[in-house]
Amino acid sequence: MTATTQPYTGARPAIPPSTVAQGVLWAFVAVNLLVMWTLFATSDGGKNTILTIAKFFGMHVALIMMFQLLLISRLPFLDRRIGMDRLTVWHRWVGFTLLWFVVAHATFVILGYAALDGVAPWRTFFALASVPATILGMSAATIIVFVAISSVRYARRKMSYETWHAIHFLLYAALLLGLIHQFLEPATFQTSTWSTVYWWALWALVLTSLAMGRVVLPVYRNLYHQFRVAAVVPESDNVVSVYVTGRNLERFPGRAGQFMIWRFPGHNRWWQANPFSLSAAPNGRSLRLTAKGVGKTSSGLRNLRVGNRVFAEGPYGAFTAMHRNSEAMLLIAGGVGITPIRSLLEECGGNIVVLYRAATPADAVLFPELQALAQARGARLHLLTGRTGAGQPPNTPFEPANLLHLVPDITHRDVFVCGPPAMTNAVLRTLRTLRVPKRQVHAEKFGFA
Ligand SMILES: Cc1cc2nc3c(=O)[nH]c(=O)nc-3n(C[C@H](O)[C@H](O)[C@H](O)COP(=O)(O)OP(=O)(O)OC[C@H]3O[C@@H](n4cnc5c(N)ncnc54)[C@H](O)[C@@H]3O)c2cc1C
């Protein structure tokens, strides 16, 4: 370790923030599983063994649903510590787990009643389909299966983000149907007053978290700050910066490296919302996003009018100095991935190296700002241009030997990387090869699961 790369003692918490938040989530699951299993063990089973198994799966379906809602609640406590990207990946896998538990619950219910009545399962299926409580459960299960199919990678690739999102919204209907189904069906948690209170209090807690994170906080923030477009500044042929002003911005809780989900009424439809990072650290007077034109919304941002209302959700994301472990940082950006990197450079002090990968110097948007900031912070800035693999020796700045050559003390640095998925993945592979501790590696991929 060189004299300039001393371990960062300043703000380093004893337990990393993401570990704290994950601990809270797993504690939620573990404690409620324990309570649920105790209730199950001490309650009467179903009318036969198969129906008892069905009950067991049904109870888990409800708890998995609650966990799903917590994962997507966008509560600042979870989002800032774990990050929306990771929470979304977990949500995806927990979603598929939910699917299998729903299938198991439904199958055992049908088999259980078929065995009880001594008839074929298909007859039981149609008989159950005429019982109101069961119809609700079946409808909820059908929606869950449909949404799960739409989320399989192949299907997901075939539809626009908005279509997929709209289909996902059906899950709220499944949630409502599932809740009524639970209310109508005699279940494990209705065995005593205590268990009933526990169960509905748990649901109330989860639904309140969801409403707070998804509705109350965003609406409150937008009413409080009244965001408006302050200026639109082209940065290149296809990149534009939008400055957003508003009221009480000195109380805006955003940090460098975070992103917001932006809606521009009049520019795009109300259901279209796009995530863009803050390309400048929040300064109490304005916010800034810098967008590369890739589709209709991002390409059209240069036509926004000054004074237009903006509705922005967030700030979101864990790509911040809150997760920093060391006094020394390496910031790596590729293309428009410079946006959160630029704001991190603005916010952070210490021993910083910035690597900015762009096809040509002309493609390096915000570069003059970056140079000024690097000079002010005493940071070392490298612009890495040229086509990857071109020339002799091949241009491969993120190969382990080349990266180590540029940043010899890399293993003692916190590395923040943001760029196109291929570049980000290449850098992450190299960091693993160079044995940079996992805890020091932070990536933003500009895409959710
Ligand atoms: C956390 C995060 C931060 C980002 N920061 C920046 C940034 O600072 N600068 C920048 O230029 N780009 C950024 N992006 C990428 C940017 O969001 C997309 O390029 C933009 O949304 C494209 O929208 P469009 O309507 O112009 O194009 P479209 O052609 O309509 O969309 C292209 C693709 O963008 C994705 N997309 C669109 N809307 C959303 C949404 N609401 N949520 C997730 N994905 C969506 C979808 O995969 C879609 O297929 C970021 C993305 C994420 C996830």
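The values are calculated or read from the model by the stated rules, or taken from the named source; none is laboratory data. Because the structure is predicted, anything quoted here is derived from the model rather than measured. Cβ: placed from backbone, ideal geometry, glycine included. Neighbour counts: every protein chain shown. Heavy atoms of the whole protein, side chains included, go into the accessibility calculation; ligands, DNA and RNA do not. Shrake-Rupley method; radii C 1.70, N 1.55, O 1.52, S 1.80 Å.
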- When DSSP assigns beta bridges and you keep just the ones with both residues in the chain, what percent turn out antiparallel, to the nearest 5? 50 percent
- Peptide ranges 107-120, 82-95 listed from the most packed, as the mean C-beta count within 10 angstrom indicates: 82-95, 107-120
- Starting from the Cα gyration tensor of the stretch 209-352, take the square roots of the eigenvalues, sort them a ≥ b ≥ c, and report rounded, prolate or oblate (rounded when a/c is under 1.5, otherwise prolate if a/b is larger than b/c, else oblate). oblate
- Item | Given charges at beta-carbon only (K, R positive; D, E negative), |dipole| of the stretch 362-449 in Debye | 340 debye
- Residue (of VAL233, ASN268, ALA291) at the positive-pole extreme of the stretch 204-301, dipole from beta-carbon charges: ASN268
- Under 5 Å, built H, 5+ apart or other chain: amide partners of ARG357: ALA333, GLY334, GLY335, LEU384
- Along the charge dipole of the chain, which of ALA328, LEU78, GLN375 sits closest to the positive end, that is, farthest toward it, with unit charges on the beta carbon of Lys, Arg, Asp and Glu (+1, +1, -1, -1)? GLN375
- Note on the structure: The long-range amide H neighbours of VAL417, using H built 1.01 Å from N in the peptide plane and a cut-off of under 5 Å, are ILE332, HIS442, ALA443, GLU444
- Note on the structure: Total charge of the residues flanking LEU431 in space, meaning their Cβ is under 14 Å from its Cβ, with Lys and Arg +1 and Asp and Glu -1, is +3
- the stretch 200-244 versus the stretch 26-53: alpha-carbon centroid distance in Å: 39 Å
- Estimated vicinal HN-Hα couplings, Hz - the stretch 152-168 in sequence order (Karplus 6.51, -1.76, 1.60; Gly, Pro = x): 5, 3, 4, 5, 4, 5, 7, 10, 5, 4, 5, 5, 4, 5, 4, 4, 4
- Helix 17-42 axis, angle to the chain major axis (alpha carbon atoms, nearest 10°): 0 degrees
- Item | For SER279, distant residues with modelled amide H under 5 Å away | ARG288, LEU289, THR290
- Note on the structure: Karplus ³J(HN,Hα) for the stretch 243-254 (6.51 cos²θ - 1.76 cosθ + 1.60, θ = phi - 60°; Hz, whole; x = Gly/Pro) runs 8, 10, 10, x, 8, 6, 5, 5, 9, 6, x, x
- Note on the structure: Per-residue ellipticity at 222 nm attributable to helices in the chain (runs of n ≥ 4 DSSP H, -39500 (n - 2.57) apiece, nearest 500 deg cm²/dmol) works out to -16000 deg cm²/dmol
- Please report, in debye to the nearest 20, how large the charge dipole of the chain is about its Cα centre when each Lys and Arg carries +1 at its beta carbon and each Asp and Glu carries -1 there. 640 debye
- Task: Compute the signed sum of charges (Lys and Arg +1, Asp and Glu -1) over the other residues within less than 12 Å, Cβ to Cβ, of THR88.
- Result: +2
- Item | Residue-normalised accessible area of the chain, expressed per residue, 1.4 Å probe, Å² | 48 Å²
- Task: Any chance you could list the semi-axes, whole Å, largest first, of the equivalent ellipsoid that the Cα gyration tensor gives for the chain, using √(5λ)?
- Result: 47, 25, 21
- Message: For a Förster distance of 45 Å, can you work out the FRET efficiency between the beta-carbons of ALA422 and THR193, rounded to the nearest 0.05?
- Response: 0.20
- Message: Taking the Cα centre as origin and putting +1 on Lys and Arg beta-carbons and -1 on Asp and Glu beta-carbons, what dipole magnitude results for the stretch 172-301, to the nearest 20 debye?
- Response: 440 debye
- Percent carbon-and-sulfur accessible area, the chain, ignoring ligands, DNA and RNA, probe 1.4 Å: 64 percent
- When the Karplus curve 6.51 cos²θ - 1.76 cosθ + 1.60 is applied with θ = phi - 60°, which whole-Hz ³J(HN,Hα) does each residue of the stretch 411-416 get, with x for Gly and Pro? 5, 9, 10, 7, 10, 10
- Task: Would you list which lysines come within 20 Å of LYS47, measuring only between C-alpha atoms, while excluding same-chain residues fewer than 8 positions from it?
- Result: LYS55
- Going toward the positive end of the dipole of the stretch 17-214, with +1 on Lys and Arg Cβ and -1 on Asp and Glu Cβ, which of LEU98, ASN32, ALA21 do you reach last? ALA21
